[in-house]
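Read through the structure below, which is laid out as structure tokens, and then see the notes.
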Amino acid sequence: MRSYHGAHVPGGRVSNARLVSIIAAVMTTFLAVIESSALQGGFSINGTVSLPDGNPAIRVIVKISGLSGLNREVQTDNQGRYEFQAIPAGRYRLTVTNPADPSQFTDAVEADTSRTPANRLLVHLYLRTAQAKKEHGAGVVSLAEASQQIPKDARKAFEEALRLKADNQIDQALKIFTRAIDFYPSYFQALAERGQLHIAKNQIAEAIADLERAVKLNEEWGPALRGLGYCYLEQQKFEDAAQLLQRAVAAEPGVANTRLFLGIAALALDRRDAAKSALQEALRLDAKIAVTAHIYLADLYARQERYTEAADELRIYLAASPGAPNAARLKAKEAELRARTKQR
């Protein structure tokens, strides 16, 4: 399986009871101020917007929307800053449009007021290029992504490495992703990308090191979870792989490869219903990318002595991939399965 697509108290002695009393009084006052401010004036959601090259995005439009029906927009200032005031508690999505360059875009960024202990929520937004959209697709950006303060040099290196990756210049892309990580060691997106390139070069140990770092930085980063799950499949650590891939599915439900890998792990663990569900969903999401799911479904049906269905799955695979290196062997297996059907 090689394909992957405690606080300091100054000033002498304080008894434990007295210290607890002081802390309780301070916290009560602090929380009361927060609650009063949030109830009276709502929340403030603010941050900066950056262009794809890392420069401030001046006079671009930031929009906020929520399930309650709230819809507002503001324009960034001369330093790329924006702010929404008096926002009710809740979950919102932020997007940016650039009137000067409509081809630039942002993924929708999630902003949840329950994640801040105060009444201000900091969310940074980043415009991307049409090429980046083509490579990564659209989705919802987590708060972990939005709260990153990525240096301009790191972001530029990351974008360059993505272009090199798209051109299949794997070794050069590895070097530039490393440069991005050197500029910003918490760049979990770059760590995940570099890890995936290590997988492509069959450097599984190096891939695991990068992907584990990425997951520690963002436990909900789908590409890192998927890549690490794949690595554990390669090492036949099927239980670990299944757990990671289930988390990857939760983070990115619409990725066919994640479902495919999860189905393979479940089948290896002989969890047949889970395997069938994951493999069929992979095919529903993208029958071309997940075409090998037919082979694993054939294996599943054969274990259940459903030989006709197993043979049919192999036929579908062979029709979709007539030039596959394993085509001759699979044709022979299909014939064997059909023969077993006749013998019953």
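The values are calculated or read from the model by the stated rules, or taken from the named source; none is laboratory data. Treat the numbers as computed from the prediction; the structure is a model and nothing was measured. With ideal geometry, Cβ positions are generated from the backbone for all residues, glycine too; neighbour counts draw on all protein chains shown. Keep in mind that these areas ignore ligands, DNA and RNA; they rest on the heavy atoms of the full protein, side chains included. Shrake-Rupley method; radii C 1.70, N 1.55, O 1.52, S 1.80 Å.
Looking across segment 243-270, just one residue is of a type outside the set (A, V, I, L, M, F, W, C), open to solvent by 20 Å² or more (accessible area, probe 1.4 Å) and more than 18 Å from the chain's Cα centre (by Cα), and that is Asp270.
With the condition kept exactly as written, say whether any residue in segment 119-131 is open to solvent by 70 Å² or more (accessible area, probe 1.4 Å) and at pLDDT 80 or above. For segment 119-131, residues open to solvent by 70 Å² or more (accessible area, probe 1.4 Å) and at pLDDT 80 or above: present.
Here Ser186 fulfils each of the conditions (1) of a type in the set (Ser, Thr, Tyr); (2) at pLDDT 85 or above; (3) over 23 Å from Ile45 (Cβ atoms) apart from (3). Of the residues screened, Asp240 is one that is surrounded by fewer than 18 Cβ atoms within 10 Å (Cβ to Cβ) and part of a helix (DSSP H, G or I). Would you confirm, using the coordinates I've provided, whether Gly66 is in contact with a Phe, Trp or Tyr (Cβ under 8 Å, 6 or more places away or on another chain), of a type outside the set (S, T, N, Q), under 30 Å from Thr129 (Cβ atoms) and at pLDDT 50 or above? In short, yes.
This table checks each residue for (1) within 23 Å of Arg259 (Cα to Cα); (2) in a helix (DSSP H, G or I); (3) at pLDDT 95 or above; (4) polar (S, T, N, Q).
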{"residue": "Tyr301", "(1), (2), (3), (4)": "yes, yes, yes, no"}
{"residue": "Glu313", "(1), (2), (3), (4)": "yes, yes, yes, no"}
{"residue": "Ile316", "(1), (2), (3), (4)": "yes, yes, yes, no"}
{"residue": "Pro325", "(1), (2), (3), (4)": "no, no, no, no"}
{"residue": "Arg329", "(1), (2), (3), (4)": "no, yes, no, no"}
{"residue": "Thr341", "(1), (2), (3), (4)": "no, yes, no, yes"}
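Against the conditions (1) open to solvent by less than 20 Å² (accessible area, probe 1.4 Å); (2) modelled with pLDDT under 85, Arg115 satisfies every one except (1). Going by the conditions given, is Ala161 closer than 24 Å to Pro223 by Cβ, open to solvent by less than 30 Å² (accessible area, probe 1.4 Å), at pLDDT below 85 and hydrophobic (A, V, I, L, M, F, W, C)? Judged against the criteria, Ala161 is not a match. Restricting Gln246, Gln280 to those that are within 20 Å of Leu228 (Cβ to Cβ) and either modelled with pLDDT of 95 or more or part of a loop (DSSP other than H, G, I, E, B) (or both) reduces the list to Gln246. Within segment 180-197, residues that are open to solvent by 10 Å² or more (accessible area, probe 1.4 Å) have Cβ atoms under 6 Å from residues that are at pLDDT below 95 and of a type in the set (D, E, K, R) in these pairs: Phe183/Asp153, counting only partners at least 6 apart in sequence or on another chain. Elements of the type helices (runs of 4 or more DSSP H) sitting completely within segment 158-236 and holding at least 1 residues that are more than 25 Å from Arg128 (Cα to Cα): these cover 188-200, 204-217, 222-234. A search for C-beta distances below 6 Å between a residue of segment 297-315 that is farther than 15 Å from Leu267 by Cα and any residue that is basic (Lys, Arg), counting only pairs 6+ apart in sequence or on different chains, returns Tyr307/Arg340; Ala311/Arg338.
Looking only at residues of segment 223-237 that are surrounded by fewer than 21 Cβ atoms within 10 Å (Cβ to Cβ) and not polar (S, T, N, Q), we find that the one that is farthest from Ile181 (Cα to Cα) is Lys237. Which of the residues spanning segment 142-157 are assigned to a helix (DSSP H, G or I) and modelled with pLDDT under 85? Result: Leu143, Ala144, Glu145, Ala146. Where strands (runs of 3 or more DSSP E) fall entirely within segment 56-132, those with at least 3 residues that are on the phi < 0 side of the Ramachandran plot and over 26 Å from the mean Cα position of the chain (by Cα) are at 71-75, 81-87.
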